[in-house]
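Asks: For reference, the structure I am asking about is given below.
Each reported figure results from applying straightforward, stated rules to the coordinates on display, with no laboratory input. Fair warning: this is a prediction, and the values are worked out from it, not measured in the lab. All Cβ positions, even for glycine, are placed from backbone atoms using ideal geometry, and neighbour counts span all protein chains on display.
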Amino acid sequence: MKALCLYAGAGARDHLLRYGLQAQDVRIIPGAAGGPKGLILGPLDRFIFSDWLLRSTQPVDLVGGSVGAWRLAYACLDDPAAALRAFEEDYVHQDFKLLPGQKRPSAQQVSAQVAHDVHAAFKGRIGQILGHPRYRLHIVTSHGRRLLAREGPLRTPIGYLGAAAANSVRRRSLGGWIERVVFSRPGAALPFRTQDLRTQQVALNAANFESALLASSSIPFWLAAVHDIPGAPRGAYWDGGVTDYHLHLDYSNTDGLVLYPHFQRAVVPGWLDKPLKRRHRTTAHLNRVLLLAPHPEWVGTLPNAKLPDRTDFARYGQDSAARTRAWAQAASQAQQLADEFAQWLERPDLSVVLPL
């Protein structure tokens with residue numbers, strides 16, 4: 001394979017050696033935060049949800065934060081291929097207009113536009129997600145505590161400094177400042193253990209779906225926090241990536257496999273762990289994970305020799321047409337990832353599966 005890399009935890013590799021990989025083996029699919037990086041996963045998502053998984057019947061838990069929550073919510077709609085393609089098209093063409101004198105849009109402007117997009121995308125279709133016959137959606141958000149219980153011009157930056165300091169000492173200490181709140185399809189148990197971080201679960205419903213998805217996408221300082229989501233603990237909610245950047249969760253209790261389409265090999269626990277390289281290593285939590293990620297050399301063939309990301313807004317400035325072309329090209333080239341995975345499933349070669 002030239003574009004796609006497969007990485008397996010020890011338990012997942014043992015399963016592949018004994019039984020190979022069948023669609024019915026999959027019990028959990030995570031969707032990470034990462035903004036535009038997720039564009040390269042579009043073809044993989046469409047193949048997995050509109051083709052490969054249709055060859056099985058078992059329930060599957062979909063655990064997503066930020067853009068990953070959007071991807072997995074679209075996958076729960078009646079026509080996942082068309083829905084995921086529409087999501088990709090809308091994401092590629094997103095544009096945030098600047099007011100006179102602005103160098104970047106305000107958090108309130110971005111939040112207003114994203115809230116509009118959430119409503120437009122899912123109006124009249126939330127029932128399809130909540131009532132899906134197989135998929136159990138879990139939307140991960142980050143709920144502020146102490147100074148971060150409400151958003152404010154002073155308390156938010158000071159609160160995040162406190163959270164970062166606590167997290168640098170011990171990840172579990174982050175829970176004193178920010179806790180994980182997961183909005184789950186009613187009746188669905190969390191498909192991961194929660195001893196790593198303070199966690200609450202809330203039933204996802206028609207009244208809180210849009211707020212939960214908006215909150216899970218609300219990057220601190222880029223978007224405004226979402227306050228007082230119906231049915232959930234009061235307070236400020238931010239991007240699910242704050243607590244769970246790449247969903248490095250404890251999946252070890254699953255009786256099947258975790259299939260993880262990702263945009264890199266490392267599974268970083270939280271947003272505040274990005275500079276803490278010691279936390280980028282794999283752990284026993286990922287024992288049952290089979291991770292699909294692009295080969296670094298293939299990434300070098302993409303526009304600007306990198307994955308799409310938020311820095312492209314500054315790179316291209318007001319030339320949104322050029323940014324759109326670059327993102328569309330990257331998403332188009334990513335079809336190779338899906339093609340290679342489909343080919344590998346037809347002729348599995350365990351020699352190419354590397355340790356996670």
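Asks: Search the stretch 17-32 for residues being surrounded by 18 or more Cβ atoms within 10 Å (Cβ to Cβ) and among the hydrophobic types (A, V, I, L, M, F, W, C), and hand back the single one that is farthest from the chain's Cα centre (by Cα). Don't jump to the end; show me each part of the working.
Replies: So in the stretch 17-32, the residues surrounded by 18 or more Cβ atoms within 10 Å (Cβ to Cβ) come out as 21, 25-32.
Filter once more, keeping what is among the hydrophobic types (A, V, I, L, M, F, W, C): 21, 26, 28-29, 32.
On the way: Leu21: 23, Val26: 18, Ile28: 13, Ile29: 10, Ala32: 3 Å.
Taking the candidates together, the pick is Leu21.
Asks: Among the numbered criteria (1) touching a Lys or Arg at 6+ places or on another chain (Cβ under 7 Å); (2) crowded, with 18+ Cβ neighbours inside 10 Å, which one does Asp250 miss?
Replies: The number of the failed condition is (2).
Asks: Tell me which residues, restricted to the stretch 270-287, are touching a helix residue (DSSP H, G or I) at 6+ places or on another chain (Cβ under 8 Å) and either within 20 Å of Asp45 (Cβ to Cβ) or in a helix (DSSP H, G or I) (or both).
Replies: Matches in the stretch 270-287: Leu272, Asp273, Arg279, His280.
Asks: Follow-up question, since we're still on this one. So for the stretch 222-232 (the condition being at positive phi, in a loop (DSSP other than H, G, I, E, B) and not acidic (Asp, Glu)), does at least one residue qualify? Walk me through how you get there before you give the answer.
Replies: Going residue by residue through the stretch 222-232, those that are at positive phi are 228, 231.
Filter once more, so that each one left must be in a loop (DSSP other than H, G, I, E, B): 228, 231.
When the remaining residues are screened for being not acidic (Asp, Glu), the result is 231.
The answer is yes; a qualifying residue exists.
Asks: If you don't mind, there's one more thing I want to ask. Consider Val169 against the criteria (1) under 22 Å from the mean Cα position of the chain (by Cα); (2) surrounded by fewer than 19 Cβ atoms within 10 Å (Cβ to Cβ); (3) among the β-branched types (Val, Ile, Thr): it satisfies all of them except one. Which criterion is unmet?
Replies: (1)
Asks: Within the stretch 339-355, is even one residue more than 30 Å from Arg55 (Cα to Cα) and crowded, with 18+ Cβ neighbours inside 10 Å? Working first, answer last.
Replies: Our first condition is that a residue be more than 30 Å from Arg55 (Cα to Cα); within the stretch 339-355, this holds for none.
No, because not a single residue in the stretch 339-355 is more than 30 Å from Arg55 (Cα to Cα) and crowded, with 18+ Cβ neighbours inside 10 Å.
Asks: Among the residues in the stretch 48-55, are any within 21 Å of Ile219 (Cβ to Cβ), crowded, with 24+ Cβ neighbours inside 10 Å and not aliphatic (A, V, I, L, M)?
Replies: Quick first cut of the stretch 48-55, residues within 21 Å of Ile219 (Cβ to Cβ) only: none.
Looking for residues that are within 21 Å of Ile219 (Cβ to Cβ), crowded, with 24+ Cβ neighbours inside 10 Å and not aliphatic (A, V, I, L, M), one finds none in the stretch 48-55, hence no.
Asks: Would you mind stating whether Gln195 is in contact with a helix residue (DSSP H, G or I) (Cβ under 9 Å, 6 or more places away or on another chain), of a type in the set (S, T, N, Q), in contact (Cβ under 8 Å) with a residue 12 or more places away in the chain and over 28 Å from Ala121 (Cβ atoms)? If you could, list the steps in order and put the result at the bottom.
Replies: Details: in contact with a helix residue (DSSP H, G or I) (Cβ under 9 Å, 6 or more places away or on another chain): yes; of a type in the set (S, T, N, Q): yes; in contact (Cβ under 8 Å) with a residue 12 or more places away in the chain: yes; over 28 Å from Ala121 (Cβ atoms): yes.
So Gln195 passes the test.
Asks: Would you confirm whether or not the stretch 124-133 contains a residue that is in a helix (DSSP H, G or I) and touching a Cys at 6+ places or on another chain (Cβ under 8 Å)?
Replies: Within the stretch 124-133 (the criterion being in a helix (DSSP H, G or I) and touching a Cys at 6+ places or on another chain (Cβ under 8 Å)), the answer is yes, since at least one residue qualifies.
Asks: Please go through the stretch 127-139 and give me each residue that is in contact (Cβ under 8 Å) with a residue 60 or more places away in the chain and surrounded by fewer than 19 Cβ atoms within 10 Å (Cβ to Cβ), ordered by number.
Replies: Going residue by residue through the stretch 127-139, those that are in contact (Cβ under 8 Å) with a residue 60 or more places away in the chain are 127, 129-130, 134-139.
Matches in the stretch 127-139: Gly127, Leu130, Arg134.
Asks: Looking only at the stretch 236-252, how many residues end up being without any contact (Cβ under 8 Å) to a residue 40 or more places away in the chain and hydrophobic (A, V, I, L, M, F, W, C)? Explain how you work it out, then say what you get.
Replies: Step one: list which residues in the stretch 236-252 are without any contact (Cβ under 8 Å) to a residue 40 or more places away in the chain, which gives 248.
Among the residues that remain, those that are also hydrophobic (A, V, I, L, M, F, W, C) are: none.
So the answer is 0.
Asks: I've got another one for you. In the stretch 177-191, how many residues are touching a residue at least 40 places away in the same chain (Cβ under 8 Å), buried (at least 20 other Cβ atoms within 10 Å of the Cβ) and farther than 19 Å from Ser211 by Cβ?
Replies: Matching residues across the stretch 177-191 total 1.
Asks: Taking the stretch 310-338 only, how many residues are crowded, with 17+ Cβ neighbours inside 10 Å, of a type outside the set (Gly, Ala, Ser) and farther than 30 Å from Ala12 by Cα?
Replies: Summing the residues that are crowded, with 17+ Cβ neighbours inside 10 Å, of a type outside the set (Gly, Ala, Ser) and farther than 30 Å from Ala12 by Cα in the stretch 310-338 gives 5.
Asks: Something else about it: Can you pull out the helices (runs of 4 or more DSSP H) entirely within the stretch 288-356 that have at least 2 residues that are within 15 Å of Lys2 (Cα to Cα), of a type in the set (Gly, Ala, Ser) and out of contact with any strand residue (DSSP E or B) (no Cβ under 7 Å at 6 or more places or on another chain)?
Replies: Working: elements: 296-299, 311-316, 320-333, 335-346.
The qualifying helices (runs of 4 or more DSSP H) are 335-346.
Asks: Then there is this: Looking for something surrounded by 24 or more Cβ atoms within 10 Å (Cβ to Cβ), in contact with a strand residue (DSSP E or B) (Cβ under 6 Å, 6 or more places away or on another chain) and more than 17 Å from Val289 (Cβ to Cβ) - is there at least one such residue anywhere in the stretch 59-70?
Replies: yes
Asks: Restricting attention to the stretch 87-121, and to residues there that are hydrophobic (A, V, I, L, M, F, W, C) and surrounded by 16 or more Cβ atoms within 10 Å (Cβ to Cβ), which single residue is farthest from Phe313 (Cα to Cα)?
Replies: First pass over the stretch 87-121, keeping only residues hydrophobic (A, V, I, L, M, F, W, C): 87, 92, 96, 98-99, 107, 110, 112, 114-115, 118, 120-121.
With surrounded by 16 or more Cβ atoms within 10 Å (Cβ to Cβ) added as a condition, the list becomes 87, 92, 107, 110, 114-115, 118, 121.
Details: Phe87: 19, Val92: 12, Ala107: 15, Val110: 13, Val114: 16, Ala115: 20, Val118: 21, Ala121: 23 Å.
Here the answer is Ala121.
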